[in-house]
There are 2 protein chains.
Amino acid sequence: MGRIQRFVDKADQLTPTLIQSTVYPKQMIEVIQDSEAFQGWNARGIGSVDTLQQQAFGKDESFILDFGDHQVGYLTLSIKPVGSPPDAPLRLKLIFGEMPCEIGESFDDYEGWLSRSWLQDEIINIDILPCEIKLPRRYSFRYLKVTVVATSVKYKVAFEDIHCTTVTSGDLSIIPSLPETLTDDLKVMDRIGIKTLQDCMQTVFEDGPKRDRRLWIGDLRLQAQANYLTFQNYDLVKRCLYLFGGMTLEGGEVGACLFEKPEPHVDDTLLYDYSLFFVATLCDYYMASRDRETLIDLWPIAMDQIKIAVRRLDDRGIVKDDPSWWCFTDWQPELNKQGSAQAILIYCLKRGLILAEELSLADSAVLITEYISLSTEGALKHLWCEEKGFFVSGSEEQVSWATQIWMVLAEVRDAKANANLLEKLFNENPDIGLSTPYSYHHLIEALIQSGLRDKALEQLRAYWGEMVKDGADCFWELYNPMDKRLSPYGSNLINSYCHAWSCTPTYFIRKYY
Amino acid sequence: MGRIQRFVDKADQLTPTLIQSTVYPKQMIEVIQDSEAFQGWNARGIGSVDTLQQQAFGKDESFILDFGDHQVGYLTLSIKPVGSPPDAPLRLKLIFGEMPCEIGESFDDYEGWLSRSWLQDEIINIDILPCEIKLPRRYSFRYLKVTVVATSVKYKVAFEDIHCTTVTSGDLSIIPSLPETLTDDLKVMDRIGIKTLQDCMQTVFEDGPKRDRRLWIGDLRLQAQANYLTFQNYDLVKRCLYLFGGMTLEGGEVGACLFEKPEPHVDDTLLYDYSLFFVATLCDYYMASRDRETLIDLWPIAMDQIKIAVRRLDDRGIVKDDPSWWCFTDWQPELNKQGSAQAILIYCLKRGLILAEELSLADSAVLITEYISLSTEGALKHLWCEEKGFFVSGSEEQVSWATQIWMVLAEVRDAKANANLLEKLFNENPDIGLSTPYSYHHLIEALIQSGLRDKALEQLRAYWGEMVKDGADCFWELYNPMDKRLSPYGSNLINSYCHAWSCTPTYFIRKYY
């Protein structure tokens, strides 16, 4: 793997000091089944936390705290014995939930495809009481269920203090205020989008603080765009770009994601679109920051991504579709990725051209211009189906929402044609739809870019607005108003309920409305 | 409660620095059901630990290590990922077992009466790999089962190193060697007794390093006696005596047990015999150490125990038996404690008299002599049943082994009568027998004291020797050759398999054989 230690060191120097706050629980709750509630679970207040200190809990007794909003941080518990001197260890079970489902449903029954280790619970044995325990791991949660698994017959325990020390690299105090005239629902969506972004902003832009707790470039691109209009933490984007640029895969590709610890290392996941997004993210960063030094440093990595990506074009100028590659685009299980990959290539080539021109690299600009022509002509000639009036993808000529959206974003055709395509898309509603907020983001961006601002706002309200109505305090990784337990991982328990790629309502609202 | 801070401070200054050693596992094993094996479980070697490093373990895979002998200490694990970079936390379950039953039987099904928290298992979640983890809690174990509860589909884990850092305040290097002529079985019993004592010797004489991990005076008395002939750690006995003397209960009684952390504090358990054993333990300590300063300091506490104990004598000179008191004597569930309590009182009064005379405290000596006469005459007049030829206990005139043994140890009658009584005890074998090594200790001591040395040796071999044949590497808290799953706590899982009060074969062998 290609490692440029100077870049990794530069990223290291940009590691932010996290802002800490102390958050206390707001109320005691119970989590009950409720067919009207989101995913069938309702968190209902049952009393003030002021009474907690006076209560003593014995074997098999439990309580649930609501911290009032989504939190990312470290838990501290102060526990004292009640009764005789504690003559046996205390065994506690702690369950942390971003959502009521995590408290209501048993983790023991989890059968999803992602690791059960993402579910946030701990069994802890405490030998000495009273004690103050600060758990070493970071949790992402709003709800905390504490169960006394075992004490002894001679003592119970009381919880004198439970609090969370939250961490973030997003400084709320510098976010510009919104115009008073903005409607309340958009203000709420903006606030929740910012909270989502804030909780994902740690020492990198994480995809989700519950899962995967790491830097994915697909998420980074959207987070960075929202960040420029809110927290304006340019250094954090810069750090992430240097990490990706400093640790590429064996073939020189930018990896899809990377890890910070025990020392920075890139994951072995390679996604065609995600490698290309290095170019787009660098372009966005430069446009927002005008940081020419970083652009000069990282341009060779960006140009490498372009050269690697165009190698996948066949002699017709079309991205080859075969079983050997991975392109993300969306979690839609039936989606053929050829069309969207072709469009994402064009989209990123155009951003590469902007950068090459900015750097006055004439040879590169000529080369990229040729690539843009080749791939755009290929798309129009071989992927545009005049009969269907849609772009198609793969050998079965699949018509999907994602392919149309990305062809619009890539501006393969003119604005008028794009607007017509999107309207036709809504009218005919092909089966292969969108299954993530990530894709809804691109839909809305495409609508706005095509001048369909009202339709874009309608979609924003129909999707993120529905999440708000369903009780979101952060925006969720997955959401389908028609199937609220939807998970691409086999269980709604494992979904991330504070997810970077869902934070963009604040971007749309601040940029366009 | 009566606290004499000077005594507690003196105890604090005597806190030993523990001796540490590094112990590596000796072999990989499986634990299989085997009706011939002790408690039905057999730990069978299946290979060298040298191969462990080469193996990779994924979800639901596990292995069991045998550390070759009983260990008390801290576990360190070095874990590395195998495969792709770890993209989810690692969740491990660790089960520590002193005995194969703890590995073979599920803790989830535990329904004993003592806290489940004594069962030694941990669930740990590890966010960053590779890692070296030193678990913060101390464990008492020979066997360690490691189960990988969850990794992810992309990686497994290998265990590069697992070791135990053992701790003890018993220095093996100063133990006198045994005569070559001693038979092998006694040498083995001596070695195991010493190992048992060593693993219980921490910053106090613990009753058992698995459970209760604390200082009980009943155990202390026997440990101290074994210690004088082996580790000769006088300071540790002294520390324990100062702790008990420095923290008495509200009525001035020495508590049955105490805790060291978070700061020294006495438990609220009061046992008639245990409070009195402060006198006997102090007497033994003085005889072994000739530490007059400690005797002078602690004598008033000892005299208090005598005065408090004789308050329980009725006008016949008999210890009152009613539902309000607790006397331990033995775990035998049917045992009436009046007779043994009476004898223990006399036994301890006699040791109190020795100390009063040593200190030339004439008034105290006279008073104690009067108490001895009163209680001895009471015992002979009201508890000796000429018709049965046994001492009886309680309103139902119960004949038990324990009452006879303690009356012998208290020398209520002369040596010849005592020998006859013990022989009659064996011949008639009354129903209310002995259920702990603690009581077998007193049986053997009584036999030796009555000149029945061969019978004593026969009993030592029949009891502790059988434990050895059943695979003991330390001597167990509970043992009944006729009922090997015996537990006074409702489950053999919770029994302590390295228990202080069972260490005394080394005492008998070194003192008498």
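The values are calculated or read from the model by the stated rules, or taken from the named source; none is laboratory data. Keep in mind that this is a model prediction, so the values were computed, not measured. Every residue, glycine among them, receives a Cβ derived from its backbone with ideal geometry; neighbour counts consider all protein chains shown. Ligands, DNA and RNA are excluded from the accessible area calculation, which covers all protein heavy atoms including side chains. Shrake-Rupley method; radii C 1.70, N 1.55, O 1.52, S 1.80 Å.
The slack in the chain from residue A:268 to residue A:424, taken as 0.36 nm per residue of separation less the alpha-carbon distance, amounts to 52.2 nm. Approximating the spin labels as points 7 Å out from Cα along Cα→Cβ, the residue A:511-to-residue B:174 distance works out to 7.7 nm.
Kindly state, to the nearest 0.05, the FRET efficiency for residue A:324 paired with residue A:165, given R0 = 41 Å and r defined as their beta-carbon distance. Step by step, r from the Cβ atoms, then E = 0.30. Principal semi-axes of the equivalent ellipsoid, √(5λ) from the alpha carbon gyration tensor of the protein assembly as shown, are 75, 28, 24 Å from largest down. Residue pairs exceeding 32 angstrom between C-alpha atoms, taken from A:93/A:195; B:26/B:210; A:154/B:337; A:93/B:145; A:93/A:261; B:93/B:187: B:93/B:187.
Positive-end ranking of A:25, B:218, A:352 along the dipole of the protein assembly as shown, with charges on Cβ about the Cα centre, is headed by A:352. For the range A:107-121, a decrease in accessible area of 10 Å² or greater in the assembled protein chains relative to the isolated chain, with a 1.4 Å probe, applies to A:113, A:115, A:116, A:117, A:118, A:121. From the alpha carbon centroid of the range A:223-253 to that of the range B:393-449 is 82 Å. Mean per-residue shielding of peptide A:142-154 is 2, counting Cβ atoms of other chains within 10 Å of each Cβ. Just to be sure I understand: if you take the accessible area of chain B alone plus chain A alone and subtract the pair, with a 1.4 Å probe, what total do you get in Å², rounded to 100? Between B and A, the summed buried area is about 2800 Å².
Extending 7 Å from Cα along the Cβ direction at residue A:387 and again at residue B:396 yields two label points whose distance is 9.8 nm. Using Cβ point charges alone (K and R +1, D and E -1), the dipole size of the range A:181-512 about the Cα centre works out to roughly 700 debye.
Closest approach of a chain B Cβ to the axis relating B and A (residue, whole Å): B:123, 2. Across peptide B:122-130, the average count of Cβ atoms from other chains found within 10 Å of a residue's Cβ is 4. Within the accessible surface of the range A:308-454, defined with a 1.4 Å probe on protein heavy atoms only, the carbon and sulfur portion equals 48 percent.
Label zone (residue B:153, point 7 Å along Cα-to-C-beta; backbone nitrogen cut-off 19 Å) within the range B:36-65: B:57-61.
Distance between the modelled labels on residue A:61 and residue B:480, one decimal in nanometres: 3.5 nm (7 Å Cα→Cβ projection). Over the range A:181-512, accessible surface divided per residue gives 34 Å², non-protein components excluded, 1.4 Å probe. Taking all Cα pairs closer than 8 Å and separated by 6 or more residues, the relative contact order of chain B comes to 17 percent. Treating r as the C-beta distance of residue B:137 and residue B:289 and R0 as 30 Å, the FRET efficiency rounds to 0.35. In the range B:124-247, the C-alpha radius of gyration followed by the widest Cα-Cα span (Dmax) gives 19.8, 62 angstrom. Taken as Cα centroids, the range A:56-97 and the range B:279-312 sit 43 Å apart, rounded to the nearest whole angstrom. For the range A:181-512, the square roots a ≥ b ≥ c of the C-alpha gyration tensor eigenvalues yield an a/c under 1.5, which makes the shape rounded. All C-alpha pair distances within the range B:19-168, sorted into 5 Å bins from zero, spread as 2, 9, 18, 22, 20, 16, 9, 3, 1, 0 percent across the bins.
Between the range A:2-16 and the range A:472-513, the alpha-carbon centres lie 31 Å apart.
Once the Cβ-Cβ distance of residue B:417 and residue B:185 is raised to the sixth power relative to R0 = 41 Å, the FRET efficiency obtained is 0.80.
Ligands, DNA and RNA excluded, the heavy atoms of residue A:38 present near 20 Å² of accessible surface to a 1.4 Å solvent probe. Only helical runs count toward this figure. For chain A, summing -39,500 (n - 2.57) over DSSP H runs of n ≥ 4 and dividing by all residues gives -12000 deg cm²/dmol at 222 nm. Computed over protein heavy atoms with a 1.4 angstrom probe, the accessible surface ordering of A:15, B:506, B:147, largest first, is A:15, B:147, B:506. When a 1.4 Å probe is rolled over the protein heavy atoms, the share of accessible surface on the range B:46-168 that falls to carbon and sulfur comes to 48 percent. Peptide A:85-93 has a mean shielding of 6, counted as Cβ atoms of other protein chains within 10 Å of each residue's Cβ.
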